[in-house]
1. Going from most exposed to least, what order do V63, V17, V44 have by accessible area with a 1.4 Å probe?
2. Points 7 angstrom from Cα along the Cβ direction at C54 and I77: gap in nanometres?
3. Would you please name the GluC sites (Glu not before Pro) within the range 24-81 that are DSSP coil residues with at most 15 other C-beta atoms within 10 Å of their C-beta?
4. Show F16, F45 ordered by accessible area, largest first, where the area counts protein heavy atoms only and the probe is 1.4 Å.
5. Of K36, K70, which has the most accessible area with a 1.4 Å probe, and how do the rest follow in descending order?
6. Given the Cα-Cα distance of Q34 and E12 and 0.36 nm per residue of separation, how much length would full extension add, in nm?
Amino acid sequence: PDEGEAMDPYTEQIRFVLCPTVVVIIEGLMGLNQHKFEKALANVFPLLCALIECSDQKVRVLVTTLFLHKIGPALGIAPKMTNTAPPNV
């Protein structure tokens, strides 16, 4: 919704129910070894891109971490961070 606009109550209920499931799925993707992750990447990449704008902060942080630590290496791009461990969410 636009700023100042109320969120549809059904949208809020759906978000409340689905966000924990999305978190578990992303955490599962993070747990895959790099080779298996790269095999699944073509199928999940568009869905991950859609989650970038998710209103749930935990989901956004996990997607960011996934891009840095799994997708970046799949593209041959290492994260430019001194701490290479994913952040605790």
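The values are calculated or read from the model by the stated rules, or taken from the named source; none is laboratory data. Here the structure is a predicted model, which is why all the values come from computation and not from measurement. Glycine also receives a Cβ, built like all others from the backbone with ideal geometry; neighbour counts cover every protein chain displayed. With ligands, DNA and RNA removed, areas are computed over all heavy atoms of the protein, side chains included. Shrake-Rupley method; radii C 1.70, N 1.55, O 1.52, S 1.80 Å.
1. V17, V44, V63
2. 2.0 nm
3. Numbers: sites: E27, E38, E53; in loops: E53.
Taking the range 24-81 and a limit of 15 other Cβ atoms within 10 Å, the loop GluC sites (Glu not before Pro) found are E53.
4. Numbers: F16 160, F45 80 Å².
Heavy-atom accessible area, descending, gives F16, F45.
5. On the way: K36 115, K70 20 Å².
Sorted by accessible area, descending: K36, K70.
6. Numbers: separation 22, 0.36 × 22 = 7.92 nm, distance 3.42 nm.
Length gained, Q34 through E12: 4.5 nm.
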